[in-house]
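One structure is given here, and the rest of the page talks about it.
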Amino acid sequence: MGAADPLPDPAELETLGAALPPQVLFGTSSWTYPGWQGLIYHRSYPKTGAAGRMLEEYARFPLFRTVGIDSSFYRPLTPKTYAEYGAHLPAGFPCVSKVWNQITVHTFTREQAPARAGQPNPDFLNADLFVREVLEPALEHFRPHAGPFVFELQTIGHQAGMTALEFGDRLDAFLSRLPRDATYAVEIRNAEFLTPAYFAVLREHGVAHVFNSWTRMPPLGEQLDLPGSVPATFLVARVLLRPGRAFQEAVDTFAPYDRIQDPNPELRADVVKLIERAVALRIPAYVLVNNRAEGSGPLTIAAIARMLGRAVRRTK
């Protein structure tokens, strides 16, 4: 473990936020963490039922311009939840929503469906189900805050026998059926699917590749270096884990997420490279940072913002 980064004071946070390029949208993966009390939150909230009210304070943090809605991965949000979130968000504040895992899981695991573990999911990449249960309610009740919808495709095991070419064809058929009045991004967990054909499919449909730092994926910089890796008119990155580290290990190590515990300069430098690419292309960059990357998502963002500021000053 490296030395922790200093806690930013309010004046520095305001300075860092004001210096960010306008198309850089930093945010975190979810937001209801008690360990952020005193950094993000200065009011008292109950343990449950306060997600909407917490968003109001979250959105005032100087470095936050978006947020990742992760709970929608487990079940579609209700109209009541959309209304609650929308009532507490400022105008023009976009949210990046994970799509219901009933659509993104290829084979059920024991954690997802104990009675169906190991069985193929008949709703994998079911466009009709996505439109009916996810997209239409979101656009009806949350359109002013609807940013990219992220299809976090869980790892497809080798036993499934799906090749990269077959995956690309399946993804192409799915994306072909999606309405064009929303933006989408695909996050894959199979490194062998990072092929020219995959990026070509995304480019054809104007869909972003999610640059994801995750257990069994190449580092963000290696993903960025792949030809065609920015296929859309926006960029999405999810800074989740140090490659090689399991999710539960990160939870056990880093909770309650109130400080940096494992600084990762290489990861931060890769995020700066992603942002510089987006700035050069004049496209928005949604950059979501998870607590499990280094120990505290907001503090990782502050550290990246410092690096980005130094990089900008060097180019002047």
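Conditions tested, residue by residue: (1) part of a helix (DSSP H, G or I); (2) at pLDDT 95 or above.
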residue	(1), (2)
THR233	no, yes
THR253	yes, no
PRO263	no, yes
TYR286	no, yes
ALA302	yes, yes
ALA305	yes, yes
ARG313	yes, no
### Summary
Sole miss for SER72 among (1) surrounded by 20 or more Cβ atoms within 10 Å (Cβ to Cβ); (2) in contact with a His (Cβ under 7 Å, 6 or more places away or on another chain) is condition (2)
### Query
Does TYR41 satisfy the condition of being hydroxyl-bearing (Ser, Thr, Tyr) and in contact with a His (Cβ under 7 Å, 6 or more places away or on another chain)?
no
### Task
Report, by residue number, each residue of the stretch 14-50 that is over 20 Å from ARG292 (Cα atoms) and surrounded by 16 or more Cβ atoms within 10 Å (Cβ to Cβ).
LEU16, GLY17, LEU20, GLN23, VAL24
### Task
Only one of these is of a type in the set (A, V, I, L, M), surrounded by fewer than 18 Cβ atoms within 10 Å (Cβ to Cβ) and not in a helix (DSSP H, G or I): ALA91, ALA11. Name it.
ALA91
#### Entry: Any chance LEU63 is modelled with pLDDT under 95 and assigned to a loop (DSSP other than H, G, I, E, B)
no
### Task
Starting from the stretch 93-107, take each residue that is under 19 Å from HIS209 (Cα atoms) and list its partners that are at pLDDT below 95 and small (Gly, Ala, Ser), counting only C-beta distances under 7 angstrom and pairs at least six apart or across chains.
HIS106/ALA160
### Message
Can you go through ARG238, ARG203, ARG245, ARG277 and tell me which one is of a type in the set (D, E, K, R) and in contact (Cβ under 8 Å) with a residue 60 or more places away in the chain?
### Response
ARG238
### Summary
Selection over the stretch 210-257 where residues are farther than 14 Å from GLU187 by Cα, basic (Lys, Arg) and over 16 Å from the mean Cα position of the chain (by Cα) yields a count of 1
## Note on the structure
Apart from one, (1) in contact with an Asp or Glu (Cβ under 7 Å, 6 or more places away or on another chain); (2) of a type in the set (A, V, I, L, M); (3) within 30 Å of ARG242 (Cβ to Cβ) all hold for LEU129; the odd one out is (3)
#### Entry: 1 or more residues exposed (fewer than 15 other Cβ atoms within 10 Å of the Cβ) and within 17 Å of the chain's Cα centre (by Cα): qualifying helices (runs of 4 or more DSSP H) within the stretch 98-191
none
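The values are calculated or read from the model by the stated rules, or taken from the named source; none is laboratory data. Keep in mind that this is a model prediction, so the values were computed, not measured. Please note: Cβ atoms are built from the backbone with ideal geometry, for glycine as well, and neighbour counts cover all protein chains shown.
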